[in-house]
(Lines give C-alpha, C1' and ligand atoms only; values in the text may rest on other atoms or scores of the structure.)
Protein backbone atom coordinates (compact mmCIF):
# COMPACT_ATOMS: atom_id res chain seq x y z
CA UNK A 1 0.00 0.00 0.00
CA UNK A 2 1.28 3.47 -0.92
CA UNK A 3 2.35 5.48 2.11
CA UNK A 4 -0.09 8.31 2.78
CA UNK A 5 1.41 11.76 3.21
CA UNK A 6 0.12 14.38 5.64
CA UNK A 7 0.99 18.02 6.16
CA UNK A 8 0.39 19.36 9.68
CA UNK A 9 0.65 23.14 9.88
CA UNK A 10 1.62 24.42 13.32
CA UNK A 11 4.14 22.68 15.59
CA UNK A 12 2.68 23.86 18.86
CA UNK A 13 1.17 21.48 21.38
CA UNK A 14 -1.80 20.33 19.29
CA UNK A 15 0.06 20.13 15.98
CA UNK A 16 2.90 18.13 17.52
CA UNK A 17 0.53 15.69 19.21
CA UNK A 18 -1.54 15.35 16.04
CA UNK A 19 1.67 14.47 14.14
CA UNK A 20 2.48 11.79 16.72
CA UNK A 21 -1.01 10.26 16.49
CA UNK A 22 -0.82 10.17 12.70
CA UNK A 23 2.69 8.73 12.56
CA UNK A 24 1.61 5.95 14.88
CA UNK A 25 -1.21 5.17 12.43
CA UNK A 26 1.31 4.76 9.62
CA UNK A 27 1.14 8.16 7.94
CA UNK A 28 4.21 10.03 6.71
CA UNK A 29 4.03 13.45 8.37
CA UNK A 30 5.63 16.77 7.53
CA UNK A 31 5.21 19.32 10.34
CA UNK A 32 5.52 23.03 9.48
CA UNK A 33 6.09 25.85 11.96
CA UNK A 34 6.39 29.57 11.20
CA UNK A 35 8.65 30.22 14.22
CA UNK A 36 12.24 29.22 14.79
CA UNK A 37 12.95 25.89 16.47
CA UNK A 38 11.85 26.42 20.07
CA UNK A 39 14.60 24.04 21.18
CA UNK A 40 17.28 26.49 20.03
CA UNK A 41 15.77 29.61 21.62
CA UNK A 42 16.26 31.32 24.95
CA UNK A 43 12.83 31.23 26.59
CA UNK A 44 11.62 34.39 28.31
CA UNK A 45 8.53 34.90 30.43
CA UNK A 46 5.55 36.80 29.17
CA UNK A 47 2.67 35.06 27.42
CA UNK A 48 2.76 31.43 28.53
CA UNK A 49 -0.07 30.95 31.01
CA UNK A 50 0.69 27.61 32.67
CA UNK A 51 -1.48 24.78 31.45
CA UNK A 52 -3.89 22.62 33.43
CA UNK A 53 -3.81 19.11 32.01
CA UNK A 54 -6.94 17.11 32.81
CA UNK A 55 -8.70 13.86 31.88
CA UNK A 56 -9.37 14.69 28.21
CA UNK A 57 -5.76 15.61 27.61
CA UNK A 58 -4.44 12.54 29.40
CA UNK A 59 -6.80 10.28 27.42
CA UNK A 60 -5.31 11.52 24.15
CA UNK A 61 -1.75 11.26 25.45
CA UNK A 62 -2.46 7.70 26.60
CA UNK A 63 -3.88 6.75 23.19
CA UNK A 64 -0.66 8.06 21.61
CA UNK A 65 1.28 6.18 24.34
CA UNK A 66 3.35 9.19 25.41
CA UNK A 67 1.65 9.90 28.75
CA UNK A 68 4.53 8.54 30.82
CA UNK A 69 6.86 11.14 29.31
CA UNK A 70 4.44 13.93 30.20
CA UNK A 71 3.95 12.70 33.78
CA UNK A 72 7.60 13.53 34.46
CA UNK A 73 6.99 17.26 33.92
CA UNK A 74 3.48 17.54 35.42
CA UNK A 75 2.57 18.59 38.98
CA UNK A 76 -0.78 17.39 40.42
CA UNK A 77 -3.15 20.03 41.83
CA UNK A 78 -5.76 18.49 44.12
CA UNK A 79 -7.56 21.62 45.21
CA UNK A 80 -8.06 25.35 44.89
CA UNK A 81 -6.57 27.57 47.55
CA UNK A 82 -8.34 30.92 47.76
CA UNK A 83 -6.44 33.91 49.22
CA UNK A 84 -8.62 36.75 50.56
CA UNK A 85 -7.55 40.39 50.73
CA UNK A 86 -6.12 39.87 54.23
CA UNK A 87 -4.16 36.76 53.30
CA UNK A 88 -6.59 34.29 54.90
CA UNK A 89 -6.96 30.96 53.08
CA UNK A 90 -9.95 28.80 52.20
CA UNK A 91 -9.85 25.51 50.34
CA UNK A 92 -11.96 23.69 47.77
CA UNK A 93 -11.21 20.13 46.68
CA UNK A 94 -11.47 19.65 42.93
CA UNK A 95 -13.07 16.23 43.07
CA UNK A 96 -12.48 13.05 45.02
CA UNK A 97 -9.37 12.94 47.21
CA UNK A 98 -7.33 11.20 44.50
CA UNK A 99 -8.48 13.42 41.62
CA UNK A 100 -6.22 16.18 40.37
CA UNK A 101 -5.62 18.43 37.42
CA UNK A 102 -1.96 18.86 36.51
CA UNK A 103 0.15 21.99 36.19
CA UNK A 104 2.53 21.83 33.25
CA UNK A 105 4.72 24.45 31.61
CA UNK A 106 3.62 25.24 28.06
CA UNK A 107 7.24 25.59 26.98
CA UNK A 108 8.44 22.37 28.63
CA UNK A 109 5.53 20.44 27.14
CA UNK A 110 6.08 21.89 23.66
CA UNK A 111 9.78 21.01 23.82
CA UNK A 112 8.88 17.45 24.80
CA UNK A 113 6.28 17.13 22.03
CA UNK A 114 8.69 18.39 19.37
CA UNK A 115 11.34 15.90 20.47
CA UNK A 116 8.85 13.03 20.47
CA UNK A 117 7.37 13.98 17.08
CA UNK A 118 10.86 14.05 15.59
CA UNK A 119 11.84 10.83 17.35
CA UNK A 120 8.84 9.00 15.87
CA UNK A 121 9.59 10.22 12.36
CA UNK A 122 8.04 13.64 11.71
CA UNK A 123 9.97 15.80 9.26
CA UNK A 124 9.83 19.24 10.90
CA UNK A 125 10.24 22.47 8.91
CA UNK A 126 10.81 25.61 11.01
CA UNK A 127 10.78 29.21 9.74
CA UNK A 128 7.96 28.13 7.42
CA UNK A 129 5.01 30.50 7.31
CA UNK A 130 1.94 29.21 5.49
CA UNK A 131 1.02 31.78 2.84
CA UNK A 132 -1.43 29.83 0.70
CA UNK A 133 -3.56 26.68 0.63
CA UNK A 134 -4.78 25.02 -2.57
CA UNK A 135 -7.92 23.24 -1.39
CA UNK A 136 -8.66 21.61 -4.73
CA UNK A 137 -5.25 19.96 -5.04
CA UNK A 138 -4.37 19.53 -1.32
CA UNK A 139 -1.26 21.69 -1.44
CA UNK A 140 0.17 24.31 0.90
CA UNK A 141 2.69 27.02 0.13
CA UNK A 142 5.17 28.26 2.71
CA UNK A 143 7.49 31.24 2.91
CA UNK A 144 10.77 29.67 4.03
CA UNK A 145 13.38 32.33 4.88
CA UNK A 146 13.28 34.27 1.59
CA UNK A 147 11.58 31.94 -0.88
CA UNK A 148 8.21 30.28 -1.33
CA UNK A 149 7.88 26.53 -1.69
CA UNK A 150 4.78 24.39 -2.28
CA UNK A 151 4.19 20.94 -0.80
CA UNK A 152 1.48 18.40 -1.57
CA UNK A 153 -0.10 15.69 0.59
CA UNK A 154 -3.07 13.35 0.84
CA UNK A 155 -4.53 15.64 3.49
CA UNK A 156 -3.65 18.77 5.44
CA UNK A 157 -4.32 19.55 9.11
CA UNK A 158 -4.32 23.20 10.17
CA UNK A 159 -3.23 23.39 13.81
CA UNK A 160 -1.73 26.86 13.55
CA UNK A 161 -3.52 28.50 16.44
CA UNK A 162 -5.82 31.40 17.18
CA UNK A 163 -4.62 33.49 14.24
CA UNK A 164 -4.48 30.55 11.83
CA UNK A 165 -3.34 31.22 8.27
CA UNK A 166 -5.07 28.03 7.10
CA UNK A 167 -8.37 29.33 8.48
CA UNK A 168 -7.69 32.75 6.95
CA UNK A 169 -7.43 31.10 3.53
CA UNK A 170 -10.73 29.27 4.13
CA UNK A 171 -12.37 32.59 4.94
CA UNK A 172 -10.72 34.44 2.04
CA UNK A 173 -11.23 31.83 -0.69
CA UNK A 174 -14.34 29.99 0.47
CA UNK A 175 -16.27 32.57 2.48
CA UNK A 176 -16.34 30.47 5.64
CA UNK A 177 -17.96 32.08 8.68
CA UNK A 178 -15.42 33.59 11.07
CA UNK A 179 -15.55 35.83 14.13
CA UNK A 180 -12.85 36.77 16.60
CA UNK A 181 -14.53 38.11 19.71
CA UNK A 182 -12.23 39.95 22.08
CA UNK A 183 -13.38 40.02 25.67
CA UNK A 184 -12.95 43.16 27.74
CA UNK A 185 -10.22 41.61 29.84
CA UNK A 186 -6.47 41.36 29.43
CA UNK A 187 -3.81 39.37 31.26
CA UNK A 188 -0.23 39.73 32.38
CA UNK A 189 2.13 37.01 33.54
CA UNK A 190 4.17 37.31 36.75
CA UNK A 191 6.41 34.90 38.65
CA UNK A 192 6.69 33.93 42.31
CA UNK A 193 10.33 32.82 42.60
CA UNK A 194 11.39 29.67 44.41
CA UNK A 195 12.62 29.77 47.99
CA UNK A 196 15.93 28.41 49.29
CA UNK A 197 17.00 25.16 47.60
CA UNK A 198 14.14 25.42 45.08
CA UNK A 199 11.54 25.19 47.84
CA UNK A 200 7.92 26.26 47.27
CA UNK A 201 6.83 29.40 49.12
CA UNK A 202 3.13 28.44 48.94
CA UNK A 203 1.38 25.06 48.66
CA UNK A 204 2.75 23.18 45.65
CA UNK A 205 -0.07 20.79 44.78
CA UNK A 206 -2.85 23.36 44.46
CA UNK A 207 -4.11 26.04 42.11
CA UNK A 208 -3.95 29.34 43.97
CA UNK A 209 -6.57 32.03 43.33
CA UNK A 210 -6.75 35.59 44.62
CA UNK A 211 -10.41 36.30 43.65
CA UNK A 212 -11.48 39.95 43.80
CA UNK A 213 -14.86 40.17 42.12
CA UNK A 214 -14.10 41.49 38.64
CA UNK A 215 -10.41 40.63 38.63
CA UNK A 216 -8.09 37.96 40.00
CA UNK A 217 -4.61 36.48 40.16
CA UNK A 218 -3.94 32.76 39.73
CA UNK A 219 -0.75 30.80 40.38
CA UNK A 220 0.38 27.33 39.24
CA UNK A 221 3.53 25.56 40.41
CA UNK A 222 6.60 24.89 38.26
CA UNK A 223 9.12 22.08 38.72
CA UNK A 224 11.86 24.46 39.92
CA UNK A 225 9.91 25.72 42.96
CA UNK A 226 8.58 28.86 41.29
CA UNK A 227 4.96 29.66 40.40
CA UNK A 228 3.75 31.06 37.11
CA UNK A 229 1.10 33.64 37.98
CA UNK A 230 -1.40 35.58 35.89
CA UNK A 231 -3.36 38.75 36.61
CA UNK A 232 -6.69 38.89 34.77
CA UNK A 233 -8.36 42.31 34.86
CA UNK A 234 -10.55 44.57 32.75
CA UNK A 235 -9.02 46.71 30.04
CA UNK A 236 -10.80 49.82 31.32
CA UNK A 237 -12.55 51.11 34.44
CA UNK A 238 -12.07 50.54 38.13
CA UNK A 239 -9.20 48.22 39.11
CA UNK A 240 -8.29 47.79 35.44
CA UNK A 241 -5.06 47.75 33.46
CA UNK A 242 -5.57 51.33 32.24
CA UNK A 243 -4.85 52.65 35.75
CA UNK A 244 -1.60 50.71 36.21
CA UNK A 245 1.01 52.82 34.47
CA UNK A 246 3.52 53.99 37.06
CA UNK A 247 5.45 52.07 39.69
CA UNK A 248 3.51 53.84 42.44
CA UNK A 249 0.13 52.91 40.91
CA UNK A 250 1.14 49.30 40.33
CA UNK A 251 2.64 48.63 43.75
CA UNK A 252 -0.29 50.33 45.49
CA UNK A 253 -2.76 48.18 43.51
CA UNK A 254 -1.05 44.92 44.47
CA UNK A 255 -0.49 45.87 48.11
CA UNK A 256 -4.13 46.91 48.43
CA UNK A 257 -5.71 43.90 46.71
CA UNK A 258 -3.07 41.15 46.96
CA UNK A 259 -0.91 41.86 50.03
CA UNK A 260 0.29 38.29 50.63
CA UNK A 261 1.03 37.84 46.91
CA UNK A 262 3.00 41.09 46.78
CA UNK A 263 5.25 39.88 49.59
CA UNK A 264 6.20 36.84 47.52
CA UNK A 265 7.38 38.82 44.46
CA UNK A 266 10.37 41.02 45.36
CA UNK A 267 10.85 42.42 41.84
CA UNK A 268 7.16 42.92 41.07
CA UNK A 269 7.42 46.19 39.11
CA UNK A 270 10.45 45.00 37.17
CA UNK A 271 8.39 42.01 35.99
CA UNK A 272 5.41 44.29 35.34
CA UNK A 273 7.44 46.40 32.94
CA UNK A 274 9.18 43.47 31.25
CA UNK A 275 6.17 41.24 30.56
CA UNK A 276 3.57 42.18 27.92
CA UNK A 277 -0.09 42.81 28.60
CA UNK A 278 -1.98 40.42 26.32
CA UNK A 279 -5.57 40.23 25.11
CA UNK A 280 -8.07 37.40 25.33
CA UNK A 281 -10.56 36.31 22.71
CA UNK A 282 -12.77 33.58 21.30
CA UNK A 283 -12.65 32.18 17.75
CA UNK A 284 -15.86 31.05 16.09
CA UNK A 285 -15.66 29.64 12.57
CA UNK A 286 -17.52 27.09 10.46
CA UNK A 287 -17.10 24.80 8.68
CA UNK A 288 -13.72 23.59 9.91
CA UNK A 289 -12.91 21.81 6.66
CA UNK A 290 -12.83 21.96 2.89
CA UNK A 291 -12.18 18.81 0.85
CA UNK A 292 -9.00 17.25 2.31
CA UNK A 293 -8.08 20.16 4.60
CA UNK A 294 -9.15 20.31 8.28
CA UNK A 295 -8.79 22.74 11.18
CA UNK A 296 -8.24 21.51 14.75
CA UNK A 297 -7.40 23.07 18.11
CA UNK A 298 -7.32 26.85 18.55
CA UNK A 299 -7.51 27.43 14.80
CA UNK A 300 -11.06 26.02 14.99
CA UNK A 301 -12.26 26.90 18.48
CA UNK A 302 -9.85 29.10 20.47
CA UNK A 303 -11.30 30.01 23.84
CA UNK A 304 -10.42 31.96 26.96
CA UNK A 305 -8.29 30.11 29.55
CA UNK A 306 -10.63 30.13 32.54
CA UNK A 307 -11.49 26.43 32.52
CA UNK A 308 -7.96 25.36 31.62
CA UNK A 309 -9.45 23.39 28.72
CA UNK A 310 -8.00 24.94 25.55
CA UNK A 311 -5.13 22.48 25.31
CA UNK A 312 -7.27 19.60 26.55
CA UNK A 313 -9.87 20.27 23.85
CA UNK A 314 -7.15 20.40 21.20
CA UNK A 315 -5.69 17.13 22.44
CA UNK A 316 -9.20 15.64 22.36
CA UNK A 317 -9.44 16.77 18.71
CA UNK A 318 -6.30 14.74 17.96
CA UNK A 319 -7.73 11.61 19.58
CA UNK A 320 -11.12 11.89 17.87
CA UNK A 321 -9.52 12.64 14.49
CA UNK A 322 -7.44 9.50 14.89
CA UNK A 323 -10.61 7.52 15.63
CA UNK A 324 -12.68 8.87 12.71
CA UNK A 325 -9.84 8.22 10.28
CA UNK A 326 -10.23 4.54 11.20
CA UNK A 327 -13.92 4.73 10.30
CA UNK A 328 -13.69 6.59 6.99
CA UNK A 329 -10.35 5.17 5.84
CA UNK A 330 -9.12 7.18 2.83
CA UNK A 331 -12.34 9.14 2.27
CA UNK A 332 -10.80 12.20 3.90
CA UNK A 333 -13.37 14.69 2.67
CA UNK A 334 -16.26 12.76 4.20
CA UNK A 335 -14.20 12.11 7.34
CA UNK A 336 -13.38 15.78 7.86
CA UNK A 337 -16.92 16.88 7.10
CA UNK A 338 -18.24 14.57 9.82
CA UNK A 339 -15.51 15.66 12.25
CA UNK A 340 -16.40 19.31 11.66
CA UNK A 341 -20.14 18.72 12.20
CA UNK A 342 -19.57 16.60 15.32
CA UNK A 343 -16.94 18.80 16.98
CA UNK A 344 -18.38 22.27 16.34
CA UNK A 345 -20.96 21.98 19.17
CA UNK A 346 -18.13 20.88 21.49
CA UNK A 347 -16.10 23.95 20.60
CA UNK A 348 -19.13 26.14 21.29
CA UNK A 349 -19.84 24.31 24.55
CA UNK A 350 -16.26 24.75 25.70
CA UNK A 351 -16.39 28.48 25.02
CA UNK A 352 -19.61 28.86 27.02
CA UNK A 353 -18.11 26.86 29.88
CA UNK A 354 -14.90 28.91 29.85
CA UNK A 355 -16.69 32.25 30.12
CA UNK A 356 -18.93 30.87 32.86
CA UNK A 357 -15.95 29.63 34.85
CA UNK A 358 -14.34 33.08 34.77
CA UNK A 359 -17.24 34.35 36.88
CA UNK A 360 -16.86 31.34 39.19
CA UNK A 361 -13.11 31.85 39.67
CA UNK A 362 -12.94 35.63 40.02
CA UNK A 363 -16.07 36.05 42.13
CA UNK A 364 -17.84 32.97 43.47
CA UNK A 365 -14.80 31.13 44.86
CA UNK A 366 -14.68 33.85 47.53
CA UNK A 367 -18.37 33.44 48.36
CA UNK A 368 -19.17 31.19 51.38
CA UNK A 369 -22.60 30.43 49.89
CA UNK A 370 -21.02 29.12 46.69
CA UNK A 371 -18.55 26.97 48.64
CA UNK A 372 -21.46 25.53 50.65
CA UNK A 373 -23.34 24.79 47.42
CA UNK A 374 -20.36 22.84 46.12
CA UNK A 375 -20.16 20.92 49.38
CA UNK A 376 -23.83 19.92 49.05
CA UNK A 377 -23.32 18.90 45.42
CA UNK A 378 -20.30 16.79 46.37
CA UNK A 379 -22.29 15.01 49.08
CA UNK A 380 -25.20 14.30 46.73
CA UNK A 381 -22.85 13.07 44.03
CA UNK A 382 -21.24 10.60 46.44
CA UNK A 383 -24.65 9.28 47.51
CA UNK A 384 -26.06 9.18 43.96
CA UNK A 385 -23.17 9.10 41.49
CA UNK A 386 -25.43 7.80 38.72
CA UNK A 387 -27.67 10.88 39.05
CA UNK A 388 -25.22 13.72 39.59
CA UNK A 389 -21.70 14.39 38.41
CA UNK A 390 -20.70 17.96 39.32
CA UNK A 391 -20.05 20.26 36.37
CA UNK A 392 -16.36 20.68 37.15
CA UNK A 393 -15.94 16.90 37.33
CA UNK A 394 -17.75 16.43 34.01
CA UNK A 395 -15.38 18.87 32.35
CA UNK A 396 -12.10 17.99 34.07
CA UNK A 397 -12.40 14.38 35.23
CA UNK A 398 -14.39 12.77 32.42
CA UNK A 399 -14.67 12.67 28.64
CA UNK A 400 -18.33 13.76 28.70
CA UNK A 401 -18.99 16.03 25.71
CA UNK A 402 -18.53 19.72 26.49
CA UNK A 403 -21.96 20.49 25.03
CA UNK A 404 -23.57 17.89 27.28
CA UNK A 405 -21.70 19.12 30.35
CA UNK A 406 -22.83 22.69 29.67
CA UNK A 407 -26.51 21.74 29.32
CA UNK A 408 -26.47 19.45 32.37
CA UNK A 409 -24.56 22.08 34.35
CA UNK A 410 -27.24 24.70 33.67
CA UNK A 411 -29.94 22.32 34.93
CA UNK A 412 -27.88 21.56 38.03
CA UNK A 413 -27.53 25.29 38.72
CA UNK A 414 -31.31 25.73 38.54
CA UNK A 415 -31.80 22.95 41.08
CA UNK A 416 -29.11 24.26 43.42
CA UNK A 417 -30.52 27.78 43.23
CA UNK A 418 -33.72 26.42 44.83
CA UNK A 419 -31.76 24.47 47.43
CA UNK A 420 -29.65 27.46 48.46
CA UNK A 421 -32.86 29.51 49.05
CA UNK A 422 -34.06 27.06 51.71
CA UNK A 423 -34.40 28.69 55.17
CA UNK A 424 -31.29 28.24 57.34
CA UNK A 425 -29.55 26.16 54.66
CA UNK A 426 -26.20 27.10 56.27
CA UNK A 427 -27.20 25.09 59.36
CA UNK A 428 -29.37 22.41 57.77
CA UNK A 429 -27.37 21.60 54.61
CA UNK A 430 -26.36 18.17 55.95
CA UNK A 431 -29.92 17.07 56.76
CA UNK A 432 -31.56 14.26 54.81
CA UNK A 433 -34.41 16.44 53.55
CA UNK A 434 -31.94 18.41 51.41
CA UNK A 435 -30.91 15.23 49.58
CA UNK A 436 -34.57 14.22 49.20
CA UNK A 437 -35.42 17.60 47.68
CA UNK A 438 -32.62 17.32 45.10
CA UNK A 439 -33.88 13.83 44.19
CA UNK A 440 -37.38 15.24 43.58
CA UNK A 441 -36.02 18.04 41.41
CA UNK A 442 -33.96 15.81 39.11
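The values are calculated or read from the model by the stated rules, or taken from the named source; none is laboratory data. What you see is a predicted model; the values in this text were computed from it and never measured. Note that each Cβ is placed from the backbone with ideal geometry, even for glycine, and that neighbours are counted across all protein chains shown.
When you check residue 71 against the structure, is it at pLDDT 95 or above, surrounded by fewer than 17 Cβ atoms within 10 Å (Cβ to Cβ) and within 24 Å of residue 122 (Cα to Cα), yes or no?
On the way: at pLDDT 95 or above: yes; surrounded by fewer than 17 Cβ atoms within 10 Å (Cβ to Cβ): yes; within 24 Å of residue 122 (Cα to Cα): yes.
Yes; evaluated as a whole, the condition is true for this residue.
Of the numbered criteria (1) more than 30 Å from residue 94 (Cβ to Cβ); (2) modelled with pLDDT under 95, the one residue 167 fails is (2). With respect to the conditions (1) under 19 Å from the mean Cα position of the chain (by Cα); (2) surrounded by fewer than 21 Cβ atoms within 10 Å (Cβ to Cβ); (3) within 30 Å of residue 430 (Cα to Cα), residue 395 lacks only one, and its number is (2). Checked against (1) modelled with pLDDT of 95 or more; (2) in contact with a strand residue (DSSP E or B) (Cβ under 9 Å, 6 or more places away or on another chain); (3) surrounded by 14 or more Cβ atoms within 10 Å (Cβ to Cβ), residue 174 passes all but a single condition, namely (3). Summed over segment 306-352, residues that are under 23 Å from the mean Cα position of the chain (by Cα) and at pLDDT below 95 total 4.
Within segment 333-351, take every residue that is touching a strand residue (DSSP E or B) at 6+ places or on another chain (Cβ under 7 Å) and farther than 16 Å from residue 159 by Cβ and give me the one that is surrounded by the most Cβ atoms within 10 Å (Cβ to Cβ).
First, the residues of segment 333-351 that are touching a strand residue (DSSP E or B) at 6+ places or on another chain (Cβ under 7 Å): 336-337, 339-340, 344, 351.
Next, only the ones that are farther than 16 Å from residue 159 by Cβ stay: 337, 344, 351.
On the way: 337: 18, 344: 18, 351: 24.
Selected residue: 351.
Residue 293 passes every criterion in (1) surrounded by 16 or more Cβ atoms within 10 Å (Cβ to Cβ); (2) within 22 Å of the chain's Cα centre (by Cα) apart from (2).
To keep it simple, each residue is scored yes or no on (1) in contact with a helix residue (DSSP H, G or I) (Cβ under 8 Å, 6 or more places away or on another chain); (2) assigned by TED's automatic domain parsing to the domain that holds residue 61; (3) within 30 Å of residue 56 (Cβ to Cβ).
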site	(1), (2), (3)
377	yes, no, yes
386	no, no, yes
396	yes, no, yes
401	yes, no, yes
408	yes, no, yes
416	yes, no, yes
423	no, no, no
427	no, no, no
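Put simply, of 218, 209, 202 the only residue that is assigned to a strand (DSSP E or B) and out of contact with any helix residue (DSSP H, G or I) (no Cβ under 7 Å at 6 or more places or on another chain) is 218. If you go through segment 252-268 and pick out every residue that is surrounded by 15 or more Cβ atoms within 10 Å (Cβ to Cβ) and either under 25 Å from residue 52 (Cβ atoms) or touching a helix residue (DSSP H, G or I) at 6+ places or on another chain (Cβ under 6 Å) (or both), you end up with 9. When residue 295 is tested against (1) in contact with a helix residue (DSSP H, G or I) (Cβ under 7 Å, 6 or more places away or on another chain); (2) more than 21 Å from residue 13 (Cβ to Cβ); (3) touching a residue at least 12 places away in the same chain (Cβ under 8 Å), exactly one condition is not met: (2).
Got a sec? Which strands (runs of 3 or more DSSP E) wholly within segment 80-187 have at least 2 residues that are in contact with a helix residue (DSSP H, G or I) (Cβ under 9 Å, 6 or more places away or on another chain) and under 20 Å from residue 17 (Cβ atoms)? Give the derivation first.
Values: elements: 89-93, 101-104, 123-125, 128-134, 139-144, 147-152, 155-158.
Fully inside segment 80-187 and qualifying: 101-104, 155-158.
With respect to being modelled with pLDDT under 95, over 17 Å from the mean Cα position of the chain (by Cα) and under 30 Å from residue 361 (Cα atoms), residue 96 fits the description.
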